[in-house]
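Below: one structure, written as structure tokens.
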Amino acid sequence: MNANRAPLPRTELADLLANAAQSVSGILTAEYPTPPSHSYLHPVLGALSAGPQVVCELNERLEGFVADEPLPATPAGLFTLASYASALGWLTESLAELTTSIDQICTRVGIPTNPPDTALAAPAVAHEGDELDFDFSAPELAAIRIAAEAAGLPPGDYVEVLSQSLLAASRITDACMEISSGLLEDATYVLAEATDHVWISDGPNSLPTLVRSLLARMEAAE
């Protein structure tokens, strides 16, 4: 039974957090082949393809941690659990927001929610007379028109959905970077303590980095 097992050493607790940080940061370097007809989705498809798999992996590791670490155990174990669970919840929420953003882009360009096979229907073909309400150089305009034509979109619409895609990519990038950084900070904190008693006070500074970040976000939203 779990109650008869010795608590996990701090090195293993720190490794759990550090490995999770590495998995989360890996979302940002994931690549996904994007056809020219959907090039406006290229900024987000890597994260969209890798994110769910990372969430599944982190869930499996969490289940293993709960099975191996008696609950409640040491303060170090509880600290690690709080940090890990916060990271998992934050990542799950961020990926849900990413999916919503991509759905909105697909709706904007006329891609059906459940397309048949991989040949997605493209909207109206771009016209030569379509104008762009942006300040681009001549080479940039030429590149945009080529990409827009391949995507079957007017250049102005192409720039609009690409901008939305880049914004969504920026948001998931910021979230993954903050989650990964917080996990590494907590891993260092757990590993550096001389004893398992990492919670040395009842103040907010004794909470894991990600827990404090989430609390700050909640206060800012009120």
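Structure above, values below:
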item: Hits in the range 158-180 - residues which are more than 23 Å from T29 (Cα to Cα) and either surrounded by 21 or more Cβ atoms within 10 Å (Cβ to Cβ) or among the β-branched types (V, I, T) (or both); result: Y158, V159
item: Close pairs from the range 85-111: first on the phi > 0 side of the Ramachandran plot, partner exposed (fewer than 15 other Cβ atoms within 10 Å of the Cβ), Cβ under 9 Å, at least 6 apart; result: G110/A121; G110/P123; G110/A124
item: Cβ pairs under 6 Å, 6+ apart, first in the range 16-37 and open to solvent by less than 80 Å² (accessible area, probe 1.4 Å), second at pLDDT below 95 and outside any helix (DSSP H, G or I); result: S37/A122
item: Test: residue in the range 121-136 that is modelled with pLDDT of 65 or more, part of a helix (DSSP H, G or I) and over 24 Å from the mean Cα position of the chain (by Cα); result: no
item: Residue among T188, T195, T107 that alone is over 16 Å from the mean Cα position of the chain (by Cα), modelled with pLDDT of 90 or more, more than 25 Å from P35 (Cα to Cα) and hydroxyl-bearing (S, T, Y); result: T188
item: Which numbered condition I144 fails, given (1) in contact with a Pro (Cβ under 7 Å, 6 or more places away or on another chain); (2) at pLDDT 90 or above; (3) within 26 Å of V44 (Cα to Cα); result: (2)
item: Members of the range 198-220 found to be at pLDDT below 65 and loosely packed, with under 11 Cβ neighbours inside 10 Å, listed by number; result: S201, D202, G203, P204, N205
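Residues are listed down the side, and each one gets a yes or a no for (1) open to solvent by 80 Å² or more (accessible area, probe 1.4 Å); (2) modelled with pLDDT of 95 or more; (3) part of a helix (DSSP H, G or I):
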residue	(1), (2), (3)
P70	no, no, no
L78	no, no, yes
S86	no, no, yes
T118	yes, no, no
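The values are calculated or read from the model by the stated rules, or taken from the named source; none is laboratory data. Predicted model, so just to flag it, every value in this text is computed and none were measured. Methodologically, a virtual Cβ is constructed for each residue, glycine included, from the backbone with ideal geometry; neighbour enumeration extends over all protein chains shown. For the accessible areas, the whole protein counts, side chains as well, though only heavy atoms, and no ligand, DNA or RNA atoms are used. Shrake-Rupley method; radii C 1.70, N 1.55, O 1.52, S 1.80 Å.
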